[in-house]
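Notes follow the structure.
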Amino acid sequence: MALTADQLRDLLHKRRIDELGELVALRPTRRTRRPPLRIGQHGKISRRYLGNGVWEAQCRYRDTDGVTRRVRRAGPADQYDRRGKLAEDVLIEALAQRRPPSGGPDEIGLDTAVMTLVEAHLARLAEDGRAPATQATYRIVAGKLRIKLGGVAGRGSHTGADRRGSTVHEQHSRASDGPPG
């Protein structure tokens, strides 16, 4: 197989030649992603001049429901604010006062104890009529979790976990053809 110089160069960029002169494909390189923001944390704040002494500051903010949103605030018109510091101060104050999206009184929040979630799952197992042996196994594991996690709240974890758990639970329940358990 005769290759032109350009074809050989392109081929060598994509592959390497081993000791025997045979073409060997390289493993694709993995690009590492930026780690997600922690719940309640904001990203880098950028400023933009809007005109007439008004600046806008914006950043990404991960809300308590685990969704990252862009938050923007404009500062007051001030002829002495040449870099947008006032707009950034307004944005930081807004982020500090930001409330979680409300979803009702039973919504899982930052201060929900992990054991409260475990107890809710145990109650759901009982409601669904799972086998007593299954419930007993889960209670044993819950006891071990209680020793390790006691009063730990869910702060910093993704609060959509119960909704995902419910979806998986419903799909699993529908998928089983036999009696629960």
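A short reminder: the numbers here are calculations on the coordinates, not readings from a lab. All values reported here derive from a predicted model rather than from experimental measurement. For neighbour counting, all protein chains shown are included, and Cβ atoms are generated from backbone atoms with ideal geometry for every residue, glycine included.
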Give me, ordered by chain and number, the residues 5 or more places off Leu50 or on other chains with an amide H under 5 Å from its own placed amide H. Trp55, Glu56
Any chance you could run the full-extension gain for Gln7 through Glu127? It's 0.36 nm times the residue separation minus the Cα-Cα distance, nm to one decimal. 36.6 nm
Within-15-Å neighbourhood charge of Leu86 [Cβ basis; K, R +1; D, E -1]: +1
From the phi angles alone, apply the Karplus equation (6.51, -1.76, 1.60; θ = phi - 60°) to region 138-150 and give each ³J(HN,Hα) in whole Hz, x where the residue is Gly or Pro. 5, 5, 4, 5, 4, x, 5, 5, 4, 5, 7, 9, x
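Please say if region 46-96 is rounded, prolate or oblate, where rounded means a/c under 1.5 for a ≥ b ≥ c the square roots of the C-alpha gyration tensor eigenvalues, and otherwise the choice is prolate for a/b larger than b/c and oblate otherwise? Numbers along the way, then the final one.
Values: a/c = 3.56, a/b = 2.50, b/c = 1.42.
Prolate is the answer for region 46-96, as a/c is 1.5 or above and a/b outweighs b/c.
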Residue span Arg83 to Lys148: 0.36 nm per residue of separation minus Cα-Cα distance leaves a gain in nm of 18.5 nm
